[in-house]
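I have placed the structure first, in the form of structure tokens, so that the comments after it can refer back to it.
What follows is calculated from the coordinates using simple rules that are stated; it is not laboratory data. Since this is a predicted model, take the numbers as computed values, not measurements. All Cβ positions, even for glycine, are placed from backbone atoms using ideal geometry, and neighbour counts span all protein chains on display.
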Amino acid sequence: MARRLRKGPGIRERAPDVWELVVEVGRDPVDGRRIQMSRTFHGTMSEAKKARTALLAEVGRGQHSGTNATVDDLFEEWIIELERKGRSPSTIHNYRKTYNGNIKAILGSKKLRKVTTKMLTDLYGAHQRRGLKPRTVHQIHATYSSMFAQACRWGWIDSNPAQWAEPPSLPDELPVVPTPEEVRKLIEASENSRRPEYARAMFVSATTGLRRGELCALKRKRDVDWDGSALTVAWNVIHPNGQVLTEAPTKNRRIRRVALDEFTLDLLRTQVEMMEKRAASAGVELLEDCYIFSDTIDGSEPWKPGAVTQYFSRLRKRVGLDHLNFHSLRKFMETYGQDLGYSAVQVALRAGHDPSVAAKHYTGKVAEADRALADSVAGLLRSEPGASTKKS
């Protein structure tokens with residue numbers, strides 16, 4: 001039987017010339033308990049003492065911190081940190097949905113220090129075998145990666161086990177880009193429906209590349225430069241399931257100025273005029289800084305992004321364009337803008353991708369190229385007889 005003689009502070013003899021080196025690495029940041037680590041060493045007692053001294057130095061440099069926290073503990077603290085940093089409520093909602101649906105039951109009670117790269121890779125394979133799509137597994141991987149990266153920053157674990165875990169490859173998917181004829185078909189069908197204001201919304205989205213939530217967030221005074229023919233895109237309407245409709249910064253938190261062609265600007269004027277007539281008929285005054293797309297009489301509340309999606313889904317089915325979604329209108333501007341000869345950087349700036357290199361050279365004013373781009377894209381939707389959008 002191996003001897004367990006203590007040969008000095010933090011040194012125990014397990015067998016001849018086999019030593020256990022014990023070092024305290026601090027206190028658990030969750031429950032406050034002392035945390036120790038041990039290492040087996042082969043050599044003489046003198047060498048073991050030197051090895052322990054070196055180990056103490058490593059601990060002093062923070063190379064062996066740890067925690068008794070579980071994955072559940074980390075998740076809750078991580079969500080609080082995301083809220084502190086101002087992450088979008090919809091982003092946090094999606095993280096919660098992914099965690100509660102695919103992580104909590106499997107790893108929630110697991111100690112952080114027990115989670116390994118091999119464990120995560122095996123889980124990805126198990127998820128695939130039970131029928132999860134590769135993109136869903138990638139969402140799970142992204143949640144793990146961000147959580148464990150935060151744990152590393154806090155010193156709860158030494159390394160991120162998700163860093164080298166490999167989710168399944170994503171299939172190559174070509175972006176679905178509608179043709180000008182298809183966009184006109186959608187707009188004309190909407191013009192002839194009971195909600196012609198959606199035709200105006202679709203035209204604005206197709207010529208500006210606004211995201212669905214950004215379109216809903218547009219306000220008459222705050223966001224539209226009527227004299228300068230431009231939009232300031234700074235806000236995004238979000239409405240996670242079960243939560244209150246609210247405004248948040250744009251998806252990438254960047255503010256951009258987007259040029260408007262005269263026809264798109266005129267459509268926005270027509271939309272506001274329609275809302276003024278509607279409010280007057282009800283004996284209500286339209287708010288001075290109303291939402292441009294609103295179902296409330298005074299324009300105080302924006303459209304819900306989900307309602308836009310529902311309307312578009314019914315419309316596309318009616319006209320036989322089931323392969324498109326509202327986001328396809330944004331892809332239309334991005335794709336045809338480049339086909340018309342405008343640079344990928346210019347188109348990206350208009351869409352709000354704002355490449356870091358291009359941003360360094362973007363003045364913040366509406367460039368002449370952007371105004372020309374606005375006119376060109378709008379022209380694609382007005383180039384045929386009967387394609388013009390109704391103004392009333």
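Here are the numbers:
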read-out: Contact order normalised by residue count of the stretch 180-380, Cα under 8 Å, 6+ apart, percent; value: 25 percent
read-out: Per-pair calculated FRET efficiency, R0 = 45 Å: Ala142 and Glu47 via Cβ, rounded to 0.05; value: 0.50
read-out: Computed label-point distance, nm, for sites Ser229 and Lys97 using a 7 Å Cα→Cβ extension; value: 4.0 nm
read-out: Nearest 10 degrees, 0 to 90: helix 327-339 Cα axis against the chain principal axis; value: 80 degrees
read-out: Exceeding the 27 Å Cα-Cα cut-off - candidates Lys97/Lys304; Lys219/Lys277; Lys133/Lys251; Lys85/Lys133; value: Lys85/Lys133
read-out: Unit charges on C-beta of K, R, D, E only; dipole of the chain, Debye; value: 1960 debye
read-out: Per residue, the convex hull volume that the Cα atoms of the stretch 87-220 enclose (Å³); value: 177 Å³
read-out: Charge dipole of the chain about the Cα centre (unit charges at C-beta), most positive-ward option of Asn100, Leu55, Ala217; value: Leu55
read-out: Sequence ranges 336-347, 79-90, 310-321, ranked by mean other-Cβ count within 10 angstrom, highest first; value: 336-347, 310-321, 79-90
read-out: Most mobile listed residue (Pro168, Pro305, Pro178) in the chain, GNM with C-alpha springs under 10 Å; value: Pro168
read-out: Between helix 368-380 and the chain: long-axis angle, C-alpha atoms, 0 to 90°, nearest 10; value: 60 degrees
read-out: Charge dipole of the stretch 180-380 about the Cα centre (unit charges at C-beta), most positive-ward option of Val237, Ser376, Ala259; value: Val237
read-out: Exposure proxy ranking, count of Cβ atoms within 10 Å, fewest first, for Ile238, Ile35, Ile255; value: Ile255, Ile35, Ile238
read-out: Cα point-scatterer Debye curve for the stretch 180-380, base-10 log of I(q)/I(0) at q = 0.07, 0.10, 0.15 Å⁻¹; value: -0.19, -0.40, -0.93
read-out: Two-site FRET efficiency, His323 against Met37, from Cβ-Cβ distance with R₀ of 45 Å, rounded to 0.05; value: 0.20
read-out: Cα→Cβ-extended label distance, 7 Å offset, between Leu56 and Glu276, nm; value: 8.1 nm
read-out: Within the stretch 101-179, trypsin sites (Lys or Arg not before Pro) in DSSP loop having at most 16 other beta-carbon neighbours inside 10 Å; value: Lys110, Arg130
read-out: Rg/Rh for the stretch 68-140, where both radii come from Cα atoms and Rh is the Kirkwood radius; value: 0.99
read-out: Calculated FRET efficiency for the pair Leu245/Glu288, C-beta based, R₀ 22 Å, to 0.05; value: 0.55
read-out: Distance histogram for the chain (every C-alpha pair counted, 20 angstrom bins, percent rounded to whole numbers); value: 22, 41, 24, 11, 3
read-out: Expected 222 nm ellipticity per residue - DSSP helices of 4 or more, -39500 (n - 2.57), all of the chain, to 500; value: -14500 deg cm²/dmol
read-out: Residue with peak Gaussian network fluctuation, the chain [Cα springs, cutoff 10 Å], from Arg330, Arg211, Arg33; value: Arg33
read-out: Net lengthening on full extension, Arg14/Ala344 (0.36 nm per residue, minus Cα-Cα); value: 112.2 nm
read-out: Amide H contacts of Gly26 (H built 1.01 Å from N, under 5 Å, at least 5 apart or other chain); value: Ile35
read-out: For the stretch 71-154: relative contact order, % (alpha-carbon pairs under 8 angstrom, 6 or more apart); value: 44 percent
read-out: Linear extension gain, Glu181 paired with Thr309, 0.36 nm per residue minus alpha-carbon span; value: 44.0 nm
read-out: Positive dipole terminus of the chain, leading residue within Val176, Ser90, Tyr144 (C-beta point charges); value: Tyr144
read-out: Directionally averaged shadow of the stretch 195-308, computed from the convex hull of its alpha-carbon atoms, nm²; value: 7.0 nm²
read-out: Euclidean distance between Cα centres, the stretch 140-161 to the stretch 195-266, Å; value: 36 Å
read-out: Cleavage-rule hits, GluC sites (Glu not before Pro), the stretch 139-185, DSSP coil, Cβ neighbours within 10 Å at most 15; value: Glu173
